[in-house]
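Below you'll find the structure, written out as structure tokens, and then a few comments.
The values are calculated or read from the model by the stated rules, or taken from the named source; none is laboratory data. Quick caveat: nothing in here was measured; it's all calculated off a predicted structure. In this analysis, Cβ positions are derived from the backbone assuming ideal geometry, glycine residues included, and neighbour counts consider all displayed protein chains.
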Amino acid sequence: MARISRMRRLASLPFASPTPSSTRPSLAACRTAISTPSTTRAASTGWFGKKLWKGESSGPKDAHTQLAAPSNLPDEALERLPADSVPEAILRSRLSLPPKLREVTPEADAAADDATYVPATDISELVETSPLNTWWDQPGHWGEESEFRGFASVEKVTDKSVMEVYLRQATIEALSLRQQQKSLPSAARWVTKKWREVSRSDLDQILAAELVVQNGQASVGLGDAALIAQRLVVEGAKAKAEVQDEAQAQADVKDESIEVEIYEDAETNGVAARITPEEAQVMVKAWDASWKDLVVDEQLKFAIRKRIFQTTGVLVPDARLGAARTIKHILTLAVKKPTPPKLATLLEERGVFQELPNFKLHSRKLGPIDRETAVGRWKVIEQELQKRGLPVTGTAGLPLSKERKRMEGKVA
């Protein structure tokens, strides 16, 4: 009877031994074939290199570690950097910087310098110095000249008549500077310069200037334009130059008892003019509405937007300003009522739900006490809580979540 020969049991793939092949080279043969002596090392350090160079090799042993200095660097890179890393503008300012090296005067030298010096005998007599992290909080280290001064007005204008007055002021000033930019050197870059704030008397003269609008184009009288341009840029430049000269003259003064405001900015010479809504309404009625039909280009649009942001604190976004074509459009974009801080205030102003009989508007979110008070049950609940010695509101020091602890078995 024929039998099936015994077959080899199947083995898992990781433990299966591969069948040796006669064509596969051995590991020793691979190592022998791969590991060959370096020809570069032999040529430079071996007997062949000595025969080739007639002695020691003239080149570097390792070209990667012995690189030549670069010769094509710019002049700025070859110059030695200053040892002090503090910017030059800060060094020239009046800021009192913390010392980099603190030296302690010996007791003998201190007694020689100051006749009233008495050495401390107890730790309580030592002078306590402030840490370095509170340096700028100490008096004398941060003056008024270092305080931030914003560009825009702090008080935002929301009244339409007042906004129209300041918009007319900005329009007349921008047109005057554009007309005088060739004859007046200080008005060359009138679009990007910061214009000086004007007082109330100067504002009245600016608004009284002759503004002629024809076919979408406007112009200001030559005499008025020259006077307005000088007040905006020339006087500001002179005041700034005087401030810088005074600051340079007082740079070596170290007496802290003398307080000189040498960094007074140019715009503080004129008090910012403020107009009431009643005055603005009278002014607007006296003007002809045709001046709002003035067609503005991109340059004039930017200058007017910058000026009304400085005087009114209202910034017209660039996305909306691009759609404006006339002064009337800019006025529409600039006049925006402030959003009420609460939704209840907004709904009360609109009055849209006052006609509903079952609707009542509250200024805050209602709680359980408010709901129980509305139906007349809160007095009864308050009496029952007082009878049981329980707090009416709050926990009165009682532990929280006692029922949860009892369910978890933590409290018997």
When you scan region 141-152, do you find a residue that is surrounded by 13 or more Cβ atoms within 10 Å (Cβ to Cβ) and at pLDDT 85 or above, even just one? yes
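Conditions tested, residue by residue: (1) in contact with a strand residue (DSSP E or B) (Cβ under 9 Å, 6 or more places away or on another chain); (2) outside the structural domain of T312 (by TED's automatic domain parsing); (3) closer than 19 Å to I327 by Cβ; (4) free of Cβ contacts under 8 Å to residues at least 12 places away in the same chain.
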position: F151; (1), (2), (3), (4): no, yes, no, no
position: L167; (1), (2), (3), (4): no, no, yes, no
position: I172; (1), (2), (3), (4): yes, no, yes, no
position: A188; (1), (2), (3), (4): no, no, no, yes
position: L203; (1), (2), (3), (4): no, no, yes, no
position: I206; (1), (2), (3), (4): no, no, yes, no
position: E210; (1), (2), (3), (4): yes, no, yes, no
position: L222; (1), (2), (3), (4): no, no, no, no
position: A229; (1), (2), (3), (4): no, no, no, no
Can we say L300 is touching a residue at least 60 places away in the same chain (Cβ under 8 Å), touching a Lys or Arg at 6+ places or on another chain (Cβ under 8 Å) and not in a loop (DSSP other than H, G, I, E, B)? yes
Show the residue pairs that are 6+ apart or on different chains and have beta-carbon atoms under 9 Å apart, the first residue being within region 101-112 and among the hydrophobic types (A, V, I, L, M, F, W, C), the second being at pLDDT 75 or above. A110/Y117; A110/P119; A111/Y117; A111/V118; A111/P119
Qualifying helices (runs of 4 or more DSSP H) (wholly inside region 365-412; at least 3 residues being under 28 Å from K342 (Cβ atoms)): 368-375
Options T326, T373, T345, T332; residue that is surrounded by 12 or more Cβ atoms within 10 Å (Cβ to Cβ) and farther than 30 Å from P277 by Cβ: T373
Going by the structure shown, is A280 surrounded by 19 or more Cβ atoms within 10 Å (Cβ to Cβ) and either of a type in the set (S, T, N, Q) or more than 20 Å from L175 (Cα to Cα) (or both)? yes
Mind checking whether some residue in region 183-190 is of a type in the set (D, E, K, R) and surrounded by 12 or more Cβ atoms within 10 Å (Cβ to Cβ)? no
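For every residue, the table says whether it meets (1) farther than 22 Å from H329 by Cβ; (2) modelled with pLDDT under 90.
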{"residue": "V165", "(1), (2)": "no, no"}
{"residue": "Q169", "(1), (2)": "no, no"}
{"residue": "E173", "(1), (2)": "no, no"}
{"residue": "K182", "(1), (2)": "yes, yes"}
{"residue": "V191", "(1), (2)": "no, yes"}
{"residue": "S199", "(1), (2)": "yes, yes"}
